[in-house]
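To start, the structure under review is shown below, and the notes come after it.
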Amino acid sequence: MKKHIAVIPGDGIGPDIIAEAVNVLERVATLYGHEFSFEYLLAGGASIDEYGVPLTDETLEKARSADSVLLGAVGGPKWDGMEGKLRPEKALLALRSGLGLFCNLRPALMYKALKDASPLKSEIIGDGIDVMIVRELTGGIYFGEKTLAVDSSWASDLMKYSVEEIERIARKAFDAARKRRCKVTSVDKANVLETSRLWRKVVSEVAKDYPDVELNHMYVDNAAMQLVRNPGQFDVIVTENMFGDILSDEASMITGSIGMLSSASLGNGKSGMYEPIHGSAPDIAGKDIANPIATILSAASMLRYSFDLDREAKAVEDAVEAVIDEGWRTFDIASKDERTVGTKEMGALIRERIK
Ligand code: NAD
C-alpha cells in the first residue's frame, strides 16, 4: 500500500516524539511491504517563527491533500504572550475545522504492568482499562448561538444537533466498535434534554445497520460514576461534544499516564489527524527524556482507522505492550527504583519488537 503522510512535529517535545513515531511507521512499511512517504509541515509556534501565523493556507492545503496527518504538539512559553489569533493552539483548531474533523477518538488504555500509576484501586481495575471515547467535535453547545444580555443579567448557550450530525458520529462509533469488542454505550441526558432524546433515537436507528454490535444507553451522570466504579464494562462510549470533553479527560486520568495516550480526529473520508493527548511539554523539550509512546500509538491508530491496516496497527500496539511488560520505562511512567530510558531508546526498543 502507498500512502502520503503529512507530518507536523510542532513545538517543544513535538520533534523528538514525532521522530520516533515516523521511525516506527518506516519499520512497519519495511516489514509489511508498504510505501509511506512523509511530508514535513510547520504549525504552531514553529510556523509563527517562520511565517508569522500559526498555520498558513498552504500548510492546510498540503495537510488536506495528504492521506493522513500525524501531529506532535504545539505551544510553549515563547509564544504565550501573543494575541488570541496568533497563538500556536489556533493551528489545531484551524486544522480540525479545515479538515472537517467532526469525530474525536480518545482511547483510555491502561497496561496491567502500569496498574500502580492509576488512581483507582487494583480490584476496580481488574484486568486493565481499555475504553474508547468517541466524542462529537463540531456541534452541540460549544458551537450553538451564544447570547449575553446587554446588562449582563443573563446569558445562554444554545445546544443544537441535527439528525445528520448524530448519524455520522454514531456510524464512526459503531465502525470503531467493530474493530474492538463490538459494544457501544451511547451517553446522553435524555431524561432532561430534547437534543439527547433525538440523539438516543438516531443512535438506535443507526444501530440497526450494525446487528453484530451491542448498544446500550446511559445517562451522563451515571456514566461519569461508572467510569470510576467499573471501567471494565465499557468498550466504546459515544457522546456529544461537551459530555465527551469531560468524560474523555476523566477516562484518561484513570489510566494514570498522560504520556501513553493517543487520539484521532476523523472526518467524512478515511483521512484523519492523529496526535498524542499531551501538550508540547516545554519543561522537558530537547532533553531526550519525553515518552514517545502516545505518539507511536497515535501512528498505530492511523494505520487502523485511516489505512485499514489492522494487523500492522496491532503489531505496533503489541510491541509497545511487550516493551512495557519487559519493564522498560521512560521517567514519567517509572516508579521510584525503576531504571529509565530516553525517548530515542524507547523508540528503538519498540521498533525492534514489531513483528
Ligand atoms: P503538557 O501536556 O505539555 O505537560 C504537562 C506535564 O506532563 C508536564 O510536566 C510535562 O513534562 C509532562 N508531559 C507531557 N507529555 C509528556 C511526555 N510525552 N513524556 C513525559 N512527560 C510528559 O501540558 P502543559 O504543560 O499544560 O502545556 C504545555 C504547552 O503545550 C502549552 O503551550 C499548551 O498550550 C500546549 N498544549 C498543546 C496541546 C496540543 O498540541 N494538542 C495540548 C495541550 C497543551
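Quick notes on this structure:
- Furthest towards positive pole of dipole, F234, M218, L193, structure part segment 175-243, Cβ charges: F234
- Compactness of segment 189-243 was expressed as the Cα radius of gyration divided by 2.2 N^0.38 Å, which yields 1.18.
- Probe 1.4 Å - accessible area at L158, Å² to nearest ten: 80 Å²
- Here the Kirkwood formula, the inverse mean of 1/r across different C-alpha pairs, assigns segment 207-355 a hydrodynamic radius of 17.3 Å.
- Ranked by the mean number of other Cβ atoms within 10 Å per residue, highest first, peptides 91-98, 134-141 order as 134-141, 91-98.
- Averaging over all projection directions, the Cα-based convex hull of the chain occupies 19.1 nm² in the image plane.
- These residues, I258, I125, go from largest to smallest accessible area, 1.4 Å probe, as I258, I125.
- Couplings for segment 315-320, taken from phi via the Karplus curve 6.51 cos²θ - 1.76 cosθ + 1.60 with θ = phi - 60°, read 4, 5, 5, 5, 5, 4 Hz in order; Gly and Pro are left as x.
- From helices alone, the chain scores -12000 deg cm²/dmol at 222 nm; the rule is -39500 (n - 2.57) for each run of n ≥ 4 DSSP H residues, then divide by the residue total.
- Residues with amide H under 5 Å from that of A43, placed H, sequence gap 5 or more: G10
- Cα gyration tensor category, rounded, prolate or oblate, for segment 1-149 with a/c compared to 1.5: oblate
- Taken over segment 28-107, the alpha-carbon convex hull comes to 135 cubic angstrom per residue.
- Note on segment 81-230: Cα Rg divided by 2.2 N^0.38 Å, N the number of residues, gives 1.26.
The values are calculated or read from the model by the stated rules, or taken from the named source; none is laboratory data. Everything numeric here is computed off the predicted structure, so don't read it as measured data. Virtual Cβ from ideal backbone geometry, glycine too; neighbours counted across all protein chains shown. Ligands, DNA and RNA are stripped out before the accessible areas are found, and what is left, the full protein with its side chains, is counted by its heavy atoms. Shrake-Rupley method; radii C 1.70, N 1.55, O 1.52, S 1.80 Å.
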